[in-house]
1. If you place +1 on the Cβ of every Lys and Arg, -1 on the Cβ of every Asp and Glu, and leave all else neutral, what size is the dipole of region 28-102 about its Cα centre, to the nearest 20 Debye?
2. Can you work out the Karplus-derived ³J(HN,Hα) for every residue in region 54-70? Use 6.51 cos²θ - 1.76 cosθ + 1.60 with θ = phi - 60°, whole Hz, and x for glycine or proline.
3. Can you list the residues, at least 5 places off or on another chain, whose amide H is less than 5 Å from the amide H of S85, using H built in the peptide plane?
4. Under a crude label model (7 Å from the Cα following the beta-carbon direction), how far is V69 from E37 in nanometres?
5. For every other residue with a beta carbon closer than 13 angstrom to the beta carbon of N30, add +1 if it is Lys or Arg and -1 if Asp or Glu, then tell me the sum.
6. What's the center-to-center distance, using Cα atoms, between region 31-46 and region 50-83 in Å?
7. What order do you get for W22, W75 when you list them from fewest to most C-beta neighbours inside 10 Å?
8. How charged is the neighbourhood of G64? Take every other residue with its Cβ under 11 Å from the Cβ of G64, and add Lys/Arg as +1 and Asp/Glu as -1.
Amino acid sequence: MKKALAILLAVVSLSAVAKEDWANPEKPFNARTLNTEKSTITWLRVSNVQATCEAESKKRKLGGFGFTVYACSFWEGNICTIITSNTPTLHDVGHEVRHCFQGAFH
């Protein structure tokens, strides 16, 4: 039982650390690793983020997400589209804009 509890705590701890790497809006990140230094960004604000992100992913032949998203972005070269709700957080927008410049960073 103690061993199972220790393993569970280790997994939870590792999950928290992994999540912190990209989900913590206060954590600095390396801005030297960019895919592009200039991007044209289109920002779509929609009422159903999940449905719109899933549809856009499938339209681009990426297969959809299969998990809950609160925002998403799609980029190709220096052209980027971000999709958020009509009332996003600054973290939602900033996270997706980071994808525009750094691609799949998580």
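Read the figures in this text as sums done on the coordinates, not as results from a lab. These figures come from a predicted structure and were not determined experimentally. We place every Cβ from the backbone using ideal geometry, glycine too, and count neighbours over all the protein chains shown.
1. Result for region 28-102 is approximately 140 debye, rounded to the nearest 20.
2. Ordered by residue, 3J(HN,Hα) equals 4, 5, 5, 4, 5, 4, 8, 6, 9, x, x, 9, x, 8, 5, 10, 10 Hz.
3. Close amide H contacts, sequence-distant or interchain: V46.
4. With each label point 7 Å from Cα toward Cβ, the separation is 2.9 nm.
5. Numbers: positive: K27, R32, R98; negative: D21.
Charge balance in the 13 Å sphere: +2.
6. Rounded to whole Å, the Cα centres lie 14 Å apart.
7. W22, W75
8. Working: positive: K58, K59, R60, K61; negative: E54, E56.
Computed value for this residue: +2.
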